[in-house]
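What follows is a set of notes on a single structure, which appears directly below.
What follows is calculated from the coordinates using simple rules that are stated; it is not laboratory data. Computed from a prediction, not measured in an experiment: that's the story for all the values here. Because the Cβ atoms are built from the backbone with ideal geometry, glycine has one as well, and the counts that use them run over all protein chains shown.
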Amino acid sequence: MPEPQRLLTADDVTRVVDRMAHQLIERAASSTTEGDGLSDLVLVGIPTRGAPLARRLAARIEAFTGTPVDVGTVDITLYRDDLRTRGVRALEETRLPDSGVDGRLVVLVDDVLFSGRSVRAALDGLRDVGRPRAVQLAVLVDRGHRELPIKADFVGKNVPTARTQQVKVRLAEVDGEDGVTITDA
Amino acid sequence: MPDALRHKHLLEAADLDLDDATLVLDTAAQIESALAGREVKKLPTLRGRTVVNLFFEDSTRTRISFELAAKRLSADVINFSAKGSSVSKGESLKDTALTLEAMGADGIVVRHSASGAPHRLATWVAGSVVNAGDGTHEHPTQALLDAFTIRKRLGRLEGVRVVITGDVLHSRVARSNVRLLHTLGAEVTLVAPPTLLPVGIGSWPVTVSYDLDAVLPTADVVMMLRVQAERMNASFFPSAREYSRRYGLDADRMARLADDAIVMHPGPMVRGMEIAADVADSARSTIVEQVGNGVSVRMAVLYLLLGGNA
Amino acid sequence: MTTLLIRGARPYGEDAVDVLVKDGVVAAIGTDLSSTAETIDATGLVLLPGLVDLHTHLREPGREDTETVLTGSRAAALGGYTAVHAMANTDPVADTAGVVEQVWRLGRDAGLVDVVPVGAVTVGLAGERLAELGAMADSAARVRVFSDDGKCVADPALMRRALEYTKALDGVVAQHAEEPRLTVGAQMHEGDRSARLGLTGWPAVAEEAIIARDVLLAEHVGARLHVCHVSTAGSVELIRWAKSRGVQVTAEVTPHHLLLTDACAEGYDATFKVNPPLRTAEDVAALRAGLADGTIDAVATDHAPHAAEDKEVEWAQARPGMLGLEQALSVVVGTMVETGLLTWREVADRMSVRPAAIGRLAGHGRPVAVGEPANLVLVDPGARSVVDPAALASKSRNSPYAGRELPARVVHTLLRGELSVRDGKVQE
């Protein structure tokens, strides 16, 4: 059993999240002609770990700017294309801000970007709930090996990996502590 | 919490243990919130799957509920009603099953007047069988939607005191509810004239009473079962009037309920017989929302049974 | 006629002897008999008088697709029987001398067991007026057992008359004890399981009420009464009480009621639907005890062949009844002998001697003794096998024992000195 190698410590995760929050603030400002654009922004996390990550980003943005940002989650289970091969699983919460997503800048948030299939499912799910002005993607770790033409707009850390390796993000809200590890197969 | 149900079919409430039942209810709740306020109330989950509604007994509301549930999950739905089909020309249940099998049905939702027909069907087909009511045996998705409704209204099921009143003897709804509510930790009291309670009820996990007035003040939920007036011809009770006086839920009896107690009815109801019109239409009544909850719960069941490896 | 020397058989499971069969009778019993005749090595096999069934449905005339007198005779011979009573609920009903003689001739032509027709008590089993019982008794079929089996003679006045009338015929009314008003739509034993499975209950009291009534009627008119397929503990009690009063009542129990319970209904497999229904474990225990102490006189199969299309259907739509002839002895060995409740001699009593006496069959149920008719069965008590319905001789496949391992195997059966079954194969 190979030992997991640490890619990011808890401090690293905090620093990376802060940097991504700053990037989101800049992007929001640059994508609008009036104000800071933050009221236009919706962070939508993909459960499981994308959801707390989205909330953290929103909290940091509010801490840096004093402006609250809308957050939501969209469960992608019912949109997955691998249910037949991997079986059904329990659903997670879908919750969107009361003001909706129509005409706004939606940033999907996930922990790891790998094949891109989760993001595709999230895009399908988003399409059924409204029509955003634009959809972008923020991920804590991009480990490559895309199977679909999908690219992240905000990346916490790029990690070159072998397909067989396992990248594991741990977040305090779900796992009790922060950190990112990689394990050889 | 498990990801999937233990059984491939949903034939009776006993197929669901506490984890299973909770999974169905939680899934229904997630589906409901995912679809809340959406313009497109459709999910792609069961695209390419075929669900057959095999109804040997008329039940428009149950069939429509299952049909809507399957369609909202993008399944192809075939309605196969016994009337006017080969079944009415004498085709056996087994031959019908083998025909559906050859058509590649992934799921068969069956309603039948004979107790146990879904169990037999399940031994003849490869797909999943969902019991949509069999004879006087069970109607498990009705019990699931009832439990879902109670949980939504009262916020819990554990320890909830449920009084079920009416023709328990002939009621598949009662059988499924007794089993499921017990699994979920609720306390069930059955109230009926002794003629409408089965011999052998002593082995059920319930309290039995013949006195509705005595149990109403402590009830959190009162569930009224349909009583067919024909039963009085077989001397199950002397007259509709006497039944209604002793076991019907009228405004006087409703006034004896706790403030937050709710009144349920699986429908179709006989206003005036087992339930007074002003009770059925009161704020306590969940009768209309039970219908909407039925679709969410049936979507959850279809997703959990058919979404994965069929 | 054949002469056969059976070597090393154990009559009633007791000490091994040689038995010489000649001209249809037992000619000699001893050790180290010698003969130039054909020899059958029966070392280790139990020798019993040929079994007698009081209750068989052979379905001919009317439902030859499910069984015929010939196929039923094969099944009977393979089960160790040398005589079977063919129930009257055929189509047409065996309620005239003509029909009972037809069945009797078919049995004689098959030649594997003595087929003894049962006559209907009432015309068309309709329960309204008596059939010509005397004509059937006087016919070539010599009917002595009368039964509307499948239906109860429910009218108490009619039952009284039937009991009285058969006294003149040395006959007996075999009652299917089921109060019809208490069993409208009944599907299975009424109790915990029927309540849960949502199947209409068949209450024990529906059987017991008729038995209580009929033993009192039999006592009142001084007639013989036979109770078919007793299925409840309460019925055993009633019959025990009646016998203690001196009522001329006899009773039978089926193999399936000695082994199976209402738990078999759980999967709604209608193979297990039968009338009277399978009861509780407590009833099974009482039936075994009643058979052991002689309260119940006989084991009778109620062999009831049904077509697949009448069984592979919804429970409520299925016909009641199950096969029994080929496995009856095995079930009795498993439930009564291996449990120590009956000796082999008592098995012979309950499956041959007493049923023959109830049916007034002169040549059957006789002891294994010199000069007696050579109606015999040789059983391997140590054999065990799993029941495969496809391998049965019956035309139907509705065996409740499918897939079950049962003890004992009928190896040879002799009808009046001729082998009807040799090494488990029918001899035609």
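Viscosity 1.306 mPa s, temperature 10 °C: Stokes-Einstein D of the stretch A:11-157 from its Kirkwood Cα radius, in µm² per second?
Details: Rh = 15.4 Å.
For these conditions, the coefficient is 103 µm²/s.
Quick one: work out the % antiparallel among DSSP beta bridges in chain B, nearest 5. Provide the component values of the computation, followed by the final result.
Details: 1 of 36 bridges.
Antiparallel: roughly 5 percent of the beta bridges in chain B.
Using alpha carbon coordinates only, what is the Rg to Rh ratio of the stretch B:140-287, with Rh defined as the Kirkwood radius?
Working: Rg = 13.9 Å, Rh = 15.0 Å.
When Rh is taken as the Kirkwood radius, the ratio is 0.93.
Counting only pairs 8 or more residues apart or on different chains, how many lysine pairs in the stretch B:41-166 have their Cα atoms under 29 Å apart? Kindly include the intermediate steps, with their values, before the conclusion.
Working: B:Lys41/B:Lys71; B:Lys41/B:Lys152; B:Lys42/B:Lys71; B:Lys42/B:Lys152; B:Lys71/B:Lys83; B:Lys71/B:Lys94; B:Lys71/B:Lys152; B:Lys83/B:Lys94.
Lysine pair count for the stretch B:41-166: 8.
Taking the 0 to 90 degree range and rounding to the nearest ten, how far is the long axis of helix A:50-65 tilted relative to the main principal axis of chain A, both from C-alpha atoms?
The two axes meet at around 40 degrees.
Could you tell me which of A:Pro52, A:Thr73, A:Leu7 has its Cα farthest along the dipole of chain A towards the positive end, charges placed at Cβ (Lys, Arg +1; Asp, Glu -1), taken about the Cα centre?
Projecting each Cα onto the dipole axis, the largest value belongs to A:Leu7.
For the protein assembly as shown, report the translational diffusion coefficient in µm²/s to the nearest whole number, using Stokes-Einstein at 37 °C, 0.692 mPa s, and a Kirkwood Rh over Cα pairs.
D, rounded to a whole number, is 101 µm²/s.
Which of C:Ala126, C:Ala168, C:Ala88 ends up with the largest GNM mean-square fluctuation for chain C, with Cα atoms connected below 10 Å?
Looking only at C:Ala126, C:Ala168, C:Ala88, the biggest GNM fluctuation is shown by C:Ala168.
Once amide H atoms are placed 1.01 Å from N in the peptide plane, what residues at a sequence separation of 5 or more from A:Leu113, or on another chain, have their amide H within under 5 Å of its amide H?
HN-HN under 5 Å from A:Leu113: A:Val141, A:Asp142, A:Arg143.
Helix-only mean residue ellipticity at 222 nm, chain A, DSSP H runs n ≥ 4 weighted -39,500 (n - 2.57), per residue, nearest 500. What is it? Present the calculation step by step, with values, prior to reporting the outcome.
Details: 5 runs with 58 residues, N = 185.
Only helices count here, giving -9500 deg cm²/dmol.
Can you give the FRET efficiency for B:Ala102 and C:Lys425, using 1/(1 + (r/R0)^6), R0 = 45 Å, r = Cβ-Cβ distance, to the nearest 0.05?
Working: r = 40 Å, r/R0 = 0.90.
According to the calculation, E is roughly 0.65.
May I ask what percent, to the nearest 5, of DSSP beta bridges between residues of the protein assembly as shown are antiparallel?
Working: 39 of 124 bridges.
Within the protein assembly as shown, antiparallel bridges account for around 30 percent of the total.
Of all trypsin sites (Lys or Arg not before Pro) in the stretch C:238-292, which ones are in loop regions per DSSP and have a Cβ with at most 13 other Cβ atoms within 10 Å?
Numbers: sites: C:Arg240, C:Lys243, C:Arg245, C:Lys273, C:Arg279, C:Arg288; in loops: C:Arg245, C:Lys273, C:Arg279.
Those that pass, being in a loop and sparsely packed, are C:Arg245.
DSSP loop GluC sites (Glu not before Pro) in the stretch A:1-97 with at most 13 other Cβ atoms within 10 Å of their Cβ, which ones? Walk me through the numbers before you get to the answer.
Values: sites: A:Glu26, A:Glu34, A:Glu62, A:Glu92, A:Glu93; in loops: A:Glu34, A:Glu92, A:Glu93.
Taking the stretch A:1-97 and a limit of 13 other Cβ atoms within 10 Å, the loop GluC sites (Glu not before Pro) found are A:Glu34.
Report, ordered by chain and residue number, the lysines lying within cross-link reach of C:Lys22, taken as a straight Cα distance under 27 Å and ignoring same-chain residues fewer than 8 apart.
List returned: C:Lys425.
Go ahead and run the numbers for FRET between A:Arg19 and A:Asp82, Cβ-Cβ distance against an R0 of 35 Å, rounding to 0.05.
Values: r = 32 Å, r/R0 = 0.92.
Calculated value: 0.60.
Quick check: the distance between the Cα centres of the stretch A:159-185 and the stretch C:14-87, to the nearest angstrom?
Distance between centres, Cα-based: 78 Å.
Find the centroid of the Cα atoms in the stretch C:230-273 and in the stretch C:89-150, then give the distance between the two in whole Å.
Centre-to-centre (Cα) distance: 25 Å.
Just how many pairs of Lys in the stretch C:50-358 have C-alpha atoms closer than 29 Å, counting pairs that are eight or more places apart or on different chains? Don't skip to the end; give the middle numbers.
Values: C:Lys151/C:Lys167; C:Lys151/C:Lys243; C:Lys151/C:Lys273; C:Lys151/C:Lys311; C:Lys167/C:Lys243; C:Lys273/C:Lys311.
Lysine pair count for the stretch C:50-358: 6.
Mind checking which of C:Val247, C:Ala174, C:Val227 is farthest towards the positive end of the stretch C:135-257's charge dipole, using Cβ charges of +1 (Lys, Arg) and -1 (Asp, Glu) about the Cα centre?
Final value for the positive-end residue is C:Val247.
Multiply the residue gap between C:Thr339 and C:Val386 by 0.36 nm, knock off their C-alpha separation, and tell me the result in nm, one decimal place. Walk me through the intermediate numbers first.
Values: separation 47, 0.36 × 47 = 16.92 nm, distance 1.94 nm.
Taking C:Thr339 through C:Val386 to full extension adds about 15.0 nm, to one decimal.
In whole angstrom, note down how far apart the Cα centers of the stretch A:32-53 and the stretch B:291-310 are.
Value for the Cα centre distance between the two parts: 32 Å.
Taking 51 Å as R0, compute the FRET efficiency from the Cβ-Cβ separation of C:Ala16 and B:Val208 and round it to 0.05.
Values: r = 62 Å, r/R0 = 1.22.
Rounded to the nearest 0.05, the efficiency is 0.25.
Zone of C:Trp241 (label point 7 Å along Cα→Cβ, backbone N under 16 Å): which residues in the stretch C:205-226?
Within reach of a label on C:Trp241: C:205-220.
Under the Karplus relation 6.51 cos²θ - 1.76 cosθ + 1.60, θ = phi - 60°, what is the ordered set of whole-Hz ³J(HN,Hα) values for the stretch C:367-384, x standing for Gly and Pro?
Listing the rounded values in order: x, 7, 7, 4, x, 7, x, 7, 9, 9, 9, 10, 10, 8, x, x, 5, 9 Hz.
For chain B, with only Lys/Arg (+1) and Asp/Glu (-1) charged at the beta-carbon, what is the dipole magnitude about the Cα centre, in debye rounded to 20? If you can, show how the numbers build up before the last one.
Details: 34 positive and 36 negative charges, 120 e Å.
I would put it at about 580 debye.
For the residue pair B:Ser235 and B:Ser33, what label-to-label distance in nm results when each label sits 7 Å from Cα along the Cα-to-beta-carbon direction?
If labels sit at B:Ser235 and B:Ser33, their model points lie 5.6 nm apart.
Take each uninterrupted DSSP H stretch in chain B, measure its Cα extent along the helix axis, and return the ones at 24 Å or beyond whose mean Kyte-Doolittle hydropathy is at least 1.0. Kindly include the intermediate steps, with their values, before the conclusion.
Values: long enough: B:18-35 (25 Å, 0.63); B:287-306 (28 Å, 1.32).
TM-like helix candidates: B:287-306.
Taking amide H positions as placed in the peptide plane 1.01 Å from N, state which residues far from C:Val116 in sequence (5 or more) or on other chains have amide H under 5 Å from it.
Long-range HN contacts for C:Val116: C:Val84, C:His85, C:Ala86.
Only Cα pairs within less than 10 Å get springs; with that Gaussian network setup on chain C, which residue of C:Ala28, C:Ala42, C:Ala270 has the largest fluctuation?
The residue with the greatest mean-square fluctuation here is C:Ala28.
Say each of A:Ala59 and C:Val205 gets a label point 7 Å from the Cα, pointing the same way as Cα to Cβ; how far apart are those two points in nm?
My value for the distance between the label points is 6.9 nm.
For chain C, compute Rh as the Kirkwood radius over C-alpha pairs and then the Stokes-Einstein diffusion coefficient at 37 °C and 0.692 mPa s; write the answer in µm²/s, rounded to an integer.
The diffusion coefficient I find is 154 µm²/s.
Would you grab the residues whose amide H sits under 5 Å from the one on B:Leu197? Only those 5+ places off in sequence or on another chain, please, with H modelled 1.01 Å from N.
B:Leu169
Using a simple charge model, +1 on the beta-carbon of Lys and Arg, -1 on the beta-carbon of Asp and Glu, nothing else, what dipole does the stretch A:11-157 show about its Cα centre, in debye to the nearest 20?
Working: 22 positive and 23 negative charges, 105 e Å.
I would put it at about 500 debye.
Could you check the spin-label model distance between A:Gln5 and B:Leu18? Points 7 Å from the Cα along Cα→Cβ, value in nm.
4.5
For the stretch A:1-100, build the charge dipole from Cβ charges (+1 Lys, Arg; -1 Asp, Glu) around the Cα centre, then report which of A:Gly87, A:Thr32, A:Ser99 sits farthest towards its positive end.
A:Gly87
Work out the length of the dipole vector of the stretch C:50-358 about its Cα centre, built from +1 on the beta-carbon of each Lys and Arg and -1 on the beta-carbon of each Asp and Glu, and round it to the nearest 20 debye. Numbers along the way, then the final one.
Working: 28 positive and 44 negative charges, 142 e Å.
Roughly 680 debye, rounded to the nearest 20.
The stretch B:104-175: which trypsin sites (Lys or Arg not before Pro) are DSSP loop and have at most 16 other beta-carbon atoms within 10 angstrom? Walk me through the numbers before you get to the answer.
Numbers: sites: B:Arg111, B:Arg120, B:Arg151, B:Lys152, B:Arg153, B:Arg156, B:Arg161, B:Arg172, B:Arg175; in loops: B:Arg156.
Passing sites in the stretch B:104-175 are B:Arg156.
Where does chain C land at 222 nm, in deg cm²/dmol rounded to the nearest 500, when only DSSP H runs of n ≥ 4 count, each adding -39500 (n - 2.57), divided by all residues? List each step's numbers first, then the result.
Values: 12 runs with 110 residues, N = 428.
Helix-only estimate at 222 nm: -7500 deg cm²/dmol.
I want the antiparallel fraction of DSSP beta bridges within the stretch A:11-157, as a percent rounded to 5. Walk me through the intermediate numbers first.
Values: 1 of 21 bridges.
If I count the DSSP bridges inside the stretch A:11-157, around 5 percent turn out antiparallel.
Tell me the net charge near B:Val295. Cut-off is 13 Å between Cβ atoms, B:Val295 excluded, with +1 for each Lys or Arg and -1 for each Asp or Glu. Provide the component values of the computation, followed by the final result.
On the way: positive: B:Lys41, B:Lys42, B:Arg61, B:Arg63, B:Lys71, B:Arg72, B:Arg298; negative: B:Glu32, B:Glu67, B:Glu289.
For residues surrounding B:Val295, the net value is +4.
Throw me the Rg/Rh for chain B, computed over C-alpha atoms with Kirkwood Rh, two decimals. Don't skip to the end; give the middle numbers.
Numbers: Rg = 19.2 Å, Rh = 19.9 Å.
Value, to two decimals: 0.97.
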